[in-house]
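So the structure is just underneath, and the comments pick up after that.
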Amino acid sequence: RSDIQFKIMEKELKGKPMDEIAGIDLEEKTNKLSNYYGKPIVVDFWATWCGPCKYEIPFLQKIEKEYEGKIEVVSVCIWDKKEQWLKGAPQYEFENNIFLNKEQSAPLVEKYSIQGIPRYMLLDKNGQIVELMSERPSGGLRDQLDALLSK
C-alpha cells in the first residue's frame, strides 16, 4: 500500500478494536490477545530469523521492565516455522507469546498492512487501536506509551 493509502487506513482504524489474535503460546496452549486487555498493549510482530527484530528485543525488554504493571507486551510471531519459533523464542524471555502460522496471520497482515517486521502496534486497555504503526522500542515508543498512560 502507498503511504497515502496507509494514512487513510490508519485514520479509519484508529479507535476501533483490533481483530482478535489467537494462536499458541510456548507451551503449545491456545493464547489470544484479548487475554491481555485491562492495560495498554504493545503488540510486537516479529520472527526468529529477523535481524531488525532481534536488534529491537533488548530495547523492548527494557521497556517491559520499566512499565511493568502498567502495560502488556505481546509478542506475535508471524512468517516463521513453528519448530523454529518453539526453539528460538524462549531465549528472548518474552512473557506473552503468540505464534501464528501463515493461514492465521494472513488476514492480519492484509488488514493492518504489515509489510515488514518488526512492526509494533499500540492498543488501549480495551484492545482499541491507538497507533497502527507505533515507534520502535529503540526510538520513540516510550513517548507514545507515556502519552497513552497520561490520558
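The values are calculated or read from the model by the stated rules, or taken from the named source; none is laboratory data. Please read these numbers as outputs of a predicted model, since none were measured by experiment. Cβ: placed from backbone, ideal geometry, glycine included. Neighbour counts: every protein chain shown. Areas reflect the complete protein model, heavy atoms only, side chains present, ligands, DNA and RNA absent. Shrake-Rupley method; radii C 1.70, N 1.55, O 1.52, S 1.80 Å.
Structure data summary
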| read-out | value |
| --- | --- |
| Breaking point among (1) in contact (Cβ under 8 Å) with a residue 40 or more places away in the chain; (2) under 24 Å from Leu145 (Cα atoms), for Asn101 | (2) |
| Verdict on Tyr120 being within 17 Å of Glu20 (Cα to Cα), touching a residue at least 60 places away in the same chain (Cβ under 8 Å) and in contact with a helix residue (DSSP H, G or I) (Cβ under 7 Å, 6 or more places away or on another chain) | yes |
| Pairs, first more than 23 Å from Gln5 (Cβ to Cβ) and touching a residue at least 24 places away in the same chain (Cβ under 8 Å) in the stretch 132-151, second in a helix (DSSP H, G or I) and open to solvent by less than 50 Å² (accessible area, probe 1.4 Å), C-beta under 7 Å, six or more apart | Pro137/Glu56; Pro137/Leu60; Pro137/Ile63; Ser138/Glu56; Leu141/Ile63; Arg142/Ile63 |
| Within the stretch 96-138, tally of residues that are farther than 15 Å from Ile41 by Cβ and of a type in the set (S, T, N, Q) | 6 |
| Unique match (being among the small types (Gly, Ala, Ser), open to solvent by less than 80 Å² (accessible area, probe 1.4 Å) and farther than 16 Å from Gln61 by Cα) among Gly116, Gly139 | Gly116 |
| Matching residues in the stretch 19-46 - criterion: being buried (at least 20 other Cβ atoms within 10 Å of the Cβ) and in contact with an Asp or Glu (Cβ under 7 Å, 6 or more places away or on another chain) | Asn31, Leu33, Tyr36, Pro40, Ile41 |
| Answer from Lys11, Lys39, Lys102 - the residue that is out of contact with any Cys (no Cβ under 8 Å at 6 or more places or on another chain), within 17 Å of Glu131 (Cα to Cα) and modelled with pLDDT under 95 | Lys11 |
